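Colleague: Here it is, the structure, as structure tokens.
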Amino acid sequence: MLDEKQSFLAALILYSLASLAYIVLFISKNMKYSNYGRWLVRTGLVFHTLALTMRTVQTSYLPLTSQYEFASGFAWGISLFFVSYEWKYKIRTLGVFVTPLILIITFYAALQSSELKPLMPALQSKWLFVHVSTAVFSYGAFAMACAVSFMYLIRDKLKAESFLSIHMPELCTLDSISYKAITFGFFMLTIVIVTGAIWAERAWGRYWQWDPKETWSFITWVIYAIYLHVRLKRGWKNKRAAWYAIIGFLCILFTYIGVNTILSGYHSYGLLYMPIFQLYRIIS
């Protein structure tokens, strides 16, 4: 039977093959590779879920407290959204734009230390599950909005009779999908910030520390709040909204990777960047 590391490695390999299948689809213009990519991602998600489940059993808590664990959860969230959106909207070319994100985040997780460590006292709280799990779903939704928005921009530039245009939804549909994903992600991010404030008060006696991660999470929340405001009040849609969704996700990436790597604060515990040779520890 596979252990947690082997299951994670299987997921990484399957995501890589899925990305390759969608690249071949893009080059060959043969839609049969969409079926290959779709099932490879679905199978990868099964192994990924198995890896997270086994790590949960090993640790007896939700394994989303280290850089490796949250990156793995982040990639899992994107995969889950891809499978659900691809099934719901029947967008067979969606994987061309989403699987690279899944692969990059999964590979980033593979570069981190996967060593199991005791949970720090500050993390031993019932708020851990709600706070961090909602962050996974929030980031996954924003990643999906970014990918769909990129599809929108590509679709807008292509000729109507081109291969990708034929197999992409209409621009208004892509715009609507991105908006719905951002709405859900914003709701989840609000829960992340609120539960984080409550948790901070219990752990450190203050609701807000102006910690770099807290500050950038709030900045990201404001960015998406502005997006929703101008869309609802001023009907801001189409190309401008697509660019805004992409920029918003870049802020998400900086909040997660940039802040953890460059800045230090209360959220720095357990977030250790490891060089590329750490991938060998996953494989061996």
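Readers should treat all values here as calculations from the given coordinates under stated rules, not as data from a laboratory. Because the structure is a prediction, the values reported are computed rather than measured. Heads up, the Cβs are rebuilt from the backbone with ideal geometry, glycines too, and the neighbour counts pull from every protein chain shown.
Colleague: Would you mind pulling out the separation of the Cα centroids of region 48-73 and region 110-179, in Å?
Modeller: The distance from the Cα centre of region 48-73 to that of region 110-179 comes to 19 Å.
Colleague: With the cut-off at 1.5 for a/c, could you classify the chain from its C-alpha gyration tensor as rounded, prolate or oblate?
Modeller: oblate
Colleague: What is the fewest-to-most order of C251, C146, C172 by other Cβ atoms lying within 10 Å of their Cβ?
Modeller: Ranked by crowding around the Cβ, least crowded first: C172, C251, C146.
Colleague: Among R155, R92, R206, which one shows the biggest mean-square fluctuation in a GNM of the chain, springs joining Cα atoms closer than 10 Å?
Modeller: R206
Colleague: Taking the alpha-carbon distance from K117 and a cut-off under 18 Å, which lysines remain once sequence neighbours fewer than 8 residues away in the same chain are dropped?
Modeller: K5
Colleague: What residue among E214, E115, E69 shows peak mean-square fluctuation when the chain is described by a Gaussian network model with Cα springs under 10 Å?
Modeller: Result: E115 has the largest fluctuation of those listed.
Colleague: Quick one: order T255, T43 by neighbouring beta-carbon count within 10 Å, fewest to most.
Modeller: T43, T255
Colleague: Grab the DSSP H runs of the chain that are 4 residues or longer, score each as -39,500 (n - 2.57), total them, divide by all residues and round the 222 nm result to the nearest 500 deg cm²/dmol.
Modeller: Per the formula, -25500 deg cm²/dmol.
Colleague: Determine which lysines satisfy two conditions relative to K32: a Cα distance under 17 Å, and not lying fewer than 8 residues away in the same chain.
Modeller: Within the straight-line limit of under 17 Å, K32 reaches these lysines: K90.
Colleague: Taking the chain as a Gaussian network, where each spring joins two C-alpha atoms under 10 Å apart, which residue of K180, K90, K126 fluctuates the most?
Modeller: Ranking K180, K90, K126 by mean-square fluctuation puts K126 first.
Colleague: Report the extension gain between A160 and V46 in nm, rounded to one decimal, defined as 0.36 nm multiplied by the number of residues separating them, less their alpha carbon distance.
Modeller: 37.4 nm
Colleague: Which entries of K29/K180; K157/K237; K159/K239 show an alpha-carbon separation above 27 angstrom in the structure shown?
Modeller: Beyond 27 Å between Cα atoms: K29/K180.
Colleague: How would you rank L250, L119, L52, going from fewest to most other Cβ atoms within 10 Å of each one's own Cβ?
Modeller: Least crowded to most crowded, the residues run L250, L119, L52.
Colleague: Something else now. Could you sort the peptides 11-17, 135-141 by per-residue average Cβ neighbour count (10 Å cutoff), highest mean leading?
Modeller: The densest-packed peptide leads the list: 135-141, 11-17.
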